Amino acid sequence: MGCGRTGAALATEFEARGHSVAIIDQSGDAFRRLPASFKGQRITGIGFDRDTLVSAGVEDAYGFAAVSDGDNSNILAARVVRETYGVDNVVARIADSGRADVYRRLGIPTVAPVPWTAAQIVSRLLPGGSDDLYLDPSAGIGLRRLRVDSGWVGRRYEDLQQNSGARVAYLVRFGDRLLPNAETLVQEGDEAYFVMATGDGPDPTRVIGRAPEVAK
């Protein structure tokens with residue numbers, strides 16, 4: 001639901017991967033954002049209206065993404081699709097990050113673009129920057145590639161984990177992958193990938209991106 005830039009990009013990507021796609025928007029002009037090669041259904045209507053959803057094939061749908069520019073419309077459509085038609089695989093885009101947390105606790109997976117964008121900018125501006133490789137907003141868990149401060153070189157990754165609260169998933173060292181154990185030492189040039197909790201609470205990146213003395 002929603003044929004803005006995000007919706008059009010999603011529809012195009014899903015179709016390119018071999019899926020059958022239907023996209024809903026209240027404005028027929030919005031479908032001009034789709035490429036000329038798009039073969040899916042273009043449904044003009046309200047995305048939480050049952051007749052509109054049935055026309056789009058919701059009764060046989062594997063998944064539903066609500067990405068219009070209205071938070072209320074997105075969450076309402078996601079709930080209707082899940083609760084009325086039994087489609088478990090739904091996601092709603094919510095601009096208000098506070099409300100997104102509430103809906104996640106109610107079992108509606110949400111994507112809040114503002115916190116993600118802010119985190120990306122912070123990670124590129126400040127020392128100890130990172131790359132977010134995977135994020136599960138519902139579980140509050142992310143996989144991130146972080147630069148480990150050179151002050152940790154020669155110390156155990158186990159110590160880094162204990163201090164930061166993050167867990168080392170794997171390393172890339174001299175081009176080879178490595179699954180660290182309790183005795184693996186930090187070496188200069190390591191690419192370290194961490195699994196960590198996201199959201200409120202202590203920030204592991206503050207420990208990982210600083211020398212041990214500062215981190216304490």
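Laboratory data are not the source of any read-out in this text; all were calculated from the coordinates shown. Source: prediction; values computed, not measured. So basically every Cβ, Gly included, is an ideal-geometry build from the backbone, and we count neighbours across all protein chains shown.
Okay, here's what the table says:
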quantity	calculated
Loop-resident sites, region 1-86, for chymotrypsin sites (Phe, Trp or Tyr not before Pro), counting at most 11 other Cβ within 10 Å (DSSP)	62
Distance (nanometres) between label positions extended 7 Å along Cα→Cβ at residue 197 and residue 41	4.3
Region 13-71: C-alpha gyration tensor shape, a/c 1.5 cut-off, then a/b vs b/c	oblate
Low-density loop cleavage sites - trypsin sites (Lys or Arg not before Pro) in region 1-91, where at most 12 other Cβ are within 10 Å (DSSP)	17, 39
Most fluctuating residue given options 151, 18, 28, as computed from a GNM of the chain linking Cα atoms under 10 Å	18
Positive-pole candidate from 193, 97, 14, dipole of the chain, charges at beta carbon	193
DSSP-assigned coil residues among trypsin sites (Lys or Arg not before Pro) in region 137-196, each with at most 14 further Cβ atoms within 10 Å	155
With at most 13 other Cβ atoms within 10 Å, longest stretch of the chain clear of loop GluC sites (Glu not before Pro) (DSSP)	1-182
Fewest-first ranking of 75, 141, using other Cβ atoms within 10 Å as the exposure measure	141, 75
